[in-house]
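See below for the structure under consideration.
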Amino acid sequence: MYLPGFEVLFEIVLTIVFCLVSYPFRVFAVLCAKYFEPDLIQIISGTDSRLAVIGPHKSVHKLLVTCVAEGSYPIKKCHEIFQRQILTAKNTNGVFIYERLKWTWKMFMGYPFWRRTDFKLENHIRDYDYTGELSLPDFRTKKDLEVVLGGLANGDWDPDKSPWEILIVNNYHMDKISNNDCSEVKTAFIYCVDHVLMDGFSAFNIMKQVFDLQCTLPNIKLGPPPGTIKQRFLLWMKLPYDYLELIESTRGQRQLAVNPEC
């Protein structure tokens with residue numbers, strides 16, 4: 001692994017100086033938020049903070065998961081299932097696992113903070129209600145769904161609501177057979193969520209729990225880190241700059257995978 005010596009040294013020094021200057025200000029911002037912004041919960045830290053710098057109104061990092069279930073699902077039944085399986089789920093310490101589904105975030109003094117919302121489940125789980133270019137016909141098929149998924153991925157969020165929604169597509173058919181054929185009627189669910197709230201694995205696991213899906217996801221196993229200790233240290237110091245270059249080169253580009261199989 002080759003790393004230019006002067007460039008790496010400059011980036012190390014710059015990173016150290018930046019940390020020494022920014023950390024006290026970060027602590028000051030947390031204290032100010034505690035006393036002047038009572039609706040803020042805590043600062044967004046770690047990997048989540050890099051996904052929250054744009055603001056809650058832009059869907060820069062939106063995830064979409066689709067599931068198809070047999071039969072029809074009334075909206076009330078969907079609310080009951082989600083309330084029972086997800087919103088009341090707790091870990092071994094008695095903490096709600098999916099509490100973030102009731103949060104959004106807000107920029108304060110240059111830092112993103114989690115913020116409470118006036119959460120109402122009916123705002124997030126609802127019958128498909130988009131109109132215009134994103135409207136669906138009364139008789140919905142797989143092709144119709146694929147047409148609107150791209151537009152849904154590009155749609156923005158309401159900054160006063162938690163950035164996620166589950167859209168219920170009733171009268172869904174895998175193929176265009178006949179408007180009078182009800183034997184193959186299914187219900188499709190489109191789960192849209194911002195990457196700040198959770199990653200793709202978590203989003204898929206929510207749908208697994210709601211619908212008791214039996215499919216599995218591959219386990220990711222990381223091997224031992226390559227290189228010497230010195231090389232790994234230099235790599236970590238250089239990583240923020242490489243990440244910024246990657247964001248700059250890919251911003252505005254979206255990829256949508258359709259027809260995922262479980």
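Since every read-out is calculated from the coordinates, none of them should be taken as a lab result. Keep in mind the model is a prediction, meaning the values are calculated, not measured. Here Cβ is always computed from backbone atoms with ideal geometry, including for glycine, and neighbour counts include all displayed protein chains.
Here are the numbers:
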read-out	value
Pairs of alpha carbons in region 1-101 whose separation is greater than 25 Å (percent)	55 percent
Label-point separation, Glu122 to Asn154 (7 Å along Cα→Cβ), nm	3.2 nm
Lysines with Cα under 22 Å of Lys90, excluding same-chain neighbours fewer than 8 positions away	Lys77, Lys102, Lys120, Lys208
Theoretical gain in end-to-end length, Arg50 to Glu80 [0.36 nm per residue, Cα-Cα removed]	7.4 nm
Alpha carbon convex hull of region 23-176, projected area averaged over orientations, nm²	11.2 nm²
Sequence ranges 85-96, 62-73, 120-131, ranked by mean other-Cβ count within 10 angstrom, highest first	62-73, 120-131, 85-96
